[in-house]
1. Taking beta carbons within 10 Å but only from partner chains, what does the mean come to for residues B:55-62?
2. Taking only C-alpha pairs under 8 Å that are 6+ residues apart, what is the relative contact order of segment B:37-101 in percent?
3. Per DSSP H run of at least 4 residues, take -39500 (n - 2.57); add these up for chain C, divide by its residues and hand me the 222 nm value, nearest 500 deg cm²/dmol.
4. Expressed as cubic angstrom per residue, what is the convex hull volume of the alpha carbon set of segment C:280-411?
5. Over segment A:3-247, what portion of Cα pair distances is larger than 27 Å, expressed as a whole percent?
6. Which order do the peptides A:140-146, C:471-477 take when ranked by the mean count of other beta-carbon atoms within 10 Å per residue, highest first?
7. Which residue fluctuates the most in chain A, going by a Gaussian network model with Cα springs under 10 Å, if the choices are A:236, A:115, A:376?
8. As a test, work out the antiparallel percent of DSSP beta bridges whose residues both lie in chain A, rounded to the nearest 5.
């Protein structure tokens, strides 16, 4: 086993990147991702990584350079947050469509405007349709573990999709936690070598990336992407198990949930899942039948698996740390509700929007949510489908 | 050529076969075709360096023939030939010969 | 540099079967560039003609590894490929020598792609960026536009800095006068014709017009600026309805007297000092039926006996001028040197096709304008029910008459054009030959009873109770084609009235034609006015050179030797290199495809596209034409410049010539030379 270190989320990410040792890293600084790139450039300066670091002039160019590098048969990584991700948005779709296994760490931060540097999930949720696999991390350990696994997930032959690993800005990125690091060679063995069958640098077998699709082929190319997404859950599970065998920490499509015998469940992603966990522990001691479903993989959304674990639950509150303006609720809420639609006796599902722009959420609010769920389960009535936690009315 | 389904084409929109645009015959865009006068040609290869469609075939450093499958009849070769060894003729003359399209 | 023969042994790396236009410059450039490369090449291309036409799925014309990512990132995408190459080479995973070439059109390089290019230059990647350049873009009005100024209507080409022009006060919605602070050529651009019921104007797609924005029930409506490309039929724009009451025009004419040089006999005649309704009616008849022979000192009218116009004319003549009149069956004529010169100097033009309405008529009092129109009607007009119709072979005359009527609050339709054959009757005369002519219809406006249903009328026409302006719906917007265009800047309100329509200041921008040193302040933003989205055309080659890139050059596919040498030099230079190549476009420039190389050559020989290189900051001119050819040859070779060859646009051509000369001087200075020609 490796060492145990006190690392912030950014530092843990940088450490994972060091061990992954990508061929190319193209990144542009943005708070709260900056420390990651800073740390990593120190590694580059010290010569302890083989990475060619491209200090691009914008996030758009960062993702473009990653596309070029991955197409050239190199392992390419980048990191960003909020508006940096928004600036890359166009190229994210292209990266996924070219089936390039680019790994990106997204340090969740609110999208402007007004400009806000603190945590919410609007950035990665905004990119949920781009065709990337999206993995949410609860804490620094998970950020580290997810990043390493993502390399294998992305490069799997049947998958070949870019992966974004997210973790909460400031709450995780700048908070020091206990992180277990693997040995360098354990990581290199785990991730193996990147093989791109169709590399631009293979000048003897020239390939063309990015042709013009007219209406006669575009649909088919998109269907291929859909197929890759549909196959990926089993790959994610396989790798989660393999990683567990290596590290002792096993990962599945959902976070390790506390659902045994639960009747009232809160669904959450990111660091808030940790907060909910402590409330669940407390309430269970008092005999309350409460539980937590932690969202780990958001894309592809594991509808089948989630439906199974929520069977028999009476009421569910989905916590969304982002808004989809004009929709019937937040993104996770919409997915869960849709997943449960075909159930014969689905639980009541309500939505809470919380934590936008870094608004803190504490155990008291979580307890209030459970109390509300209790009422809903009891009265079988939902007064308000979408509520807000921590908002000043 | 029957269009392929999504399972039969390479993923990622990649085109794996280099230069397969050759299969697409742009020769039928022409209204006039260049005709070569061997007697006047000095094999300077100016026509070759100026052809936008790679349709001048050069063998052993000499002009060999036009690639009529792809030549669009732009006429640059004729305009640029210093010895007037290339002139443009109406395509209809040849259409009948080549089985009338 | 190897000979063509040696180069011809290389494999063709761009196949035929791509779908670029016949005669396209871009593929000629690509072929020459790939001929020049000795090592294997990996290429990236920005979205554009080249990319789209060479890779229509499932076909690719490329025999080299090739990637297209997006429009603005050819440089940054390739920088990732180059970084991967460097990384893998360093790790010993690759050992071949590979070169990297990024292609971008002038769109994907000058504007949206500039950031990525700049980043690559700054980071020092080892790649060559080639820009294939065919044209730039800005907002402006066609040079046929008529501007409403204090001195009357003027062609936009006649407006000078300091002239006072009419504008729309955006706070009070009233007519104001503002000073013109600059005019700029913008070369040939694609223009659209926007027509309403009573107005039409030609402008580029990005020229802003003042549109009424209805904000719904209970809310205030307001005006916003929108460009032609953002507008659709049905949009309501602000147009001019009426000018302030004018006054009589004072003539500045010196009569010749008996005893003056060559004046032996003189028919005495009175010449008025000021205009008057009678004089204007006389002149109206003159425009339709009169002529002057200045040399002979004769003024004549084609008014046959018994025509109603003749009676009135003879009567008016006696009243205003006095003196003898000669009449015969067909004509009325007056022998008077003074009268001939007087009328000639009033600028009504001569010849049926060239008659026009001079600007001073627009400054007259309403009564005088009405008399003038009556005079016109007496000669070439007739009434149909309540509508009057005026016929003329001069399009310019009809255009101006339309505007004049609009400044009198009269409603005018669009200009109709027709062709009639010799012998047919026109009004009450037979045509002597085939002729093309036009006509307009006009009538008095109905007075709307705005007191009875104020909000309804206000809904129909937001400016109904405005004295000077009103709203009209856009009926049609269609592409007309390339025409010479100009920018006009007005201080204060930042708008002016062109062809009767309120248009936005055109932002100050340089075209390749504008002389260096022209004022370039950006227009300040008013309450609801968006800034024009323009920027000057940049000298990209020098911008790249300013990044201290180790090798920068300008090239041309007609000079393949020079181009190939430059590509080879660039590829063997360590660091980021750049070549800007002129790419002739038969479609956009309008010429026969077989002339692409010839025209490319002309660009160099006329000085429009000099061939030079900058090696580590040192400028060097790489090709010197034996003698610089006149710019006119470049303009004559392409349809997009055809209108510049009209006599009235001589001034623009001169300015363009000057610009080319100044650019040449600048380049010579940088290169430390004195003459471009050998």
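1. On the way: counts 4, 3, 3, 6, 2, 3, 7, 2.
Mean partner-chain Cβ count within 10 Å for B:55-62: 4.
2. Here the relative contact order equals 31 percent.
3. Working: 17 runs with 179 residues, N = 678.
Computed ellipticity for chain C at 222 nm equals -8000 deg cm²/dmol.
4. Convex hull volume per residue, Cα atoms: 107 Å³.
5. On the way: 8906 of 29890 pairs.
Beyond 27 Å sits 30 percent of the P(r) for segment A:3-247.
6. A:140-146, C:471-477
7. Looking only at A:236, A:115, A:376, the largest GNM fluctuation is found for A:115.
8. Numbers: 8 of 47 bridges.
So the antiparallel bridges amount to about 15 percent of the total.
Bear in mind that the values in this text are calculations on the coordinates, not laboratory data. Small disclaimer: the values here were computed from a predicted structure and weren't measured. Reconstructed Cβ throughout: ideal geometry from the backbone, glycine too, with neighbour counts over all protein chains shown.
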